[in-house]
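First the structure, in the form of structure tokens, and then the observations on it.
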Amino acid sequence: MTKAETLRRFNLDRYLILSLGFTAEEVATLRRISLTLRRWHELECGIDGGCIERDDETMRPYWKSERTGRRTPVADRERGALKRLGRIIGNRNTRVWVASPAPAVREVAVTPYIQTDPRGAALYLMRPGDLLDGHDVQSCYTRGICVY
């Protein structure tokens, strides 16, 4: 990791902990969730060896081989990551915390946004002021906090 990447990650961790009230463990888990979802979306789009497809009826994921066309069941990492994400966001939004260093900061609810395009980060955290009035979250998600 370069010095710039280290500094950027340190600043993200510091902001999520001090300004938004996440714990250090939650920040590390959020980063792993973002990386897991990004890789999952990349595999859904397809790589040289094949892609992940979901069964229309059962919604179970399968790896479809590009060479043989066979479908093999795979673990649903997306569902597990989304479940962990929901638990972390729920815990954070119900936790009572005091923001530092400003003592009079009011508490804000954070909502996650999942970007399914594998060319960038998969997880954004949206605060109430990030979403413009009358706009869809997909048109202005970059105003949120990118977890990479």
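Readers should treat all values here as calculations from the given coordinates under stated rules, not as data from a laboratory. If you're wondering where the values come from, they're calculated on a predicted model, not measured in any experiment. All Cβ positions, glycine included, derive from the backbone under ideal geometry; neighbour counts span all protein chains shown.
Give me the angle, in degrees from 0 to 90, between the Cα long axis of helix 24-45 and the longest principal axis of the Cα atoms of the chain, rounded to the nearest 10. The angle comes out near 30 degrees. Among Glu26, Glu42, Glu66, sorting on how many other beta-carbon atoms sit within 10 Å of each Cβ, with the fewest leading, yields Glu66, Glu42, Glu26. Calculated mean residue ellipticity, 222 nm, the chain: -12000 deg cm²/dmol, from DSSP H runs (n ≥ 4) at -39500 (n - 2.57) each, averaged per residue and rounded to 500.
Among Glu44, Glu25, which comes first, then next, by fewest other beta-carbon atoms within 10 Å?
Details: Glu44 15, Glu25 9.
Lowest count first: Glu25, Glu44.
What the Cα atoms of the chain give is an Rg and a Dmax of 17.8, 61 Å. Based on Cα contacts under 8 Å between residues 6+ apart, the chain shows a relative contact order of 21 percent. Approximating the spin labels as points 7 Å out from Cα along Cα→Cβ, the Glu42-to-Ala28 distance works out to 2.3 nm. Projected label points at Glu66 and Arg79, each 7 Å from Cα along the beta carbon direction, are separated by 2.7 nanometres. Seen against the Cα atoms of the chain and their longest principal axis, helix 3-14 is set at about 70 degrees.
Can you tell me the order of 7-20, 109-122 when each peptide is scored by its average per-residue count of other Cβ atoms within 10 angstrom, highest first?
Working: 7-20: 14.2, 109-122: 15.9.
Ranked from most to least packed, the peptides come out as 109-122, 7-20.
The label-point distance for Met59 and Phe10, in a model that sets each label 7 Å from Cα toward Cβ, rounds to 4.3 nm. Output the 0 to 90 degree angle, nearest 10, between the alpha-carbon long axis of helix 77-94 and the longest principal axis computed from the alpha carbons of the chain. In the chain, helix 77-94 runs at an angle near 10 degrees to the longest axis.
Calculated FRET efficiency, Asn93 to Asp117, Cβ-Cβ distance, R0 = 25 Å: about 0.45 to the nearest 0.05.
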